[in-house]
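Visitor: So that we are looking at the same thing, I have put the structure below in structure tokens.
The values are calculated or read from the model by the stated rules, or taken from the named source; none is laboratory data. All figures in this text were calculated on a predicted structure; none of them were measured in a lab. Neighbour counts are summed over all protein chains in view; Cβ atoms, including those assigned to glycine, are modelled from backbone coordinates with ideal geometry.
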């Protein structure tokens, strides 16, 4: 792991952390339920990308599975919540 | 310049680009005025930023292991399938809830889009 890559990964992770903080602000502020679902979906994607960056940082393939699970569960969760907002039922 | 150094420069550039894109998406999510405008912002993270990170990962692990390592593309395929589904569902939910609440709806589409809609209907 060279110095250049460590610096780049650090800067990227700082930017992701800022993005997560801003997304959490939107999650708390609302103002509607669909705003919160959108913010949660965004947070899932950012954490997924963080997993991929950490995989590069620690040169490990274990993070890939975590990222895959984040993508799957993020989709299922957001789709279920959006369906609930639309119909009041998740499975009809 | 060795291959490893070149690969590192490419990986670092792609990672920084993805960080900037994700930050832009978050700022858009925070700053845009209307929900239907805010919906546009996170797709930046879903598409461009995700592609930047996975390309960086492919370059890094291909150079490191000295063989092509493409499995990260699975995540891009998953995102490409799931993001539009979530977006459409959320947009319909927002429209439905706004109609129910009696809040003002977003302005109708322009003349071109309206005529296309009539043809489709």
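Visitor: Would you list the helices (runs of 4 or more DSSP H) that sit entirely within the range B:1-85 and hold 2 or more residues that are more than 30 Å from residue A:86 (Cα to Cα) and modelled with pLDDT of 90 or more? Give the steps one after another, and end with the answer.
Guide: Values: elements: B:3-31, B:35-38, B:50-65.
Where helices (runs of 4 or more DSSP H) fall fully within the range B:1-85 and carry at least 2 residues being more than 30 Å from residue A:86 (Cα to Cα) and modelled with pLDDT of 90 or more, they are B:3-31, B:50-65.
Visitor: Also: Quick one: which of A:51, A:62 is free of Cβ contacts under 8 Å to residues at least 24 places away in the same chain, more than 7 Å from chain B (Cβ to nearest Cβ) and under 15 Å from residue B:50 (Cα atoms)? Steps first, answer last, please.
Guide: Values: A:62 fails: under 15 Å from residue B:50 (Cα atoms).
It is A:51.
Yes/no matrix, rows are residues, columns are (1) out of contact with any helix residue (DSSP H, G or I) (no Cβ under 9 Å at 6 or more places or on another chain); (2) under 21 Å from residue B:24 (Cβ atoms); (3) crowded, with 20+ Cβ neighbours inside 10 Å:
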residue	(1), (2), (3)
A:9	no, yes, yes
A:27	no, yes, no
A:42	no, yes, yes
A:58	yes, no, no
A:88	yes, no, no
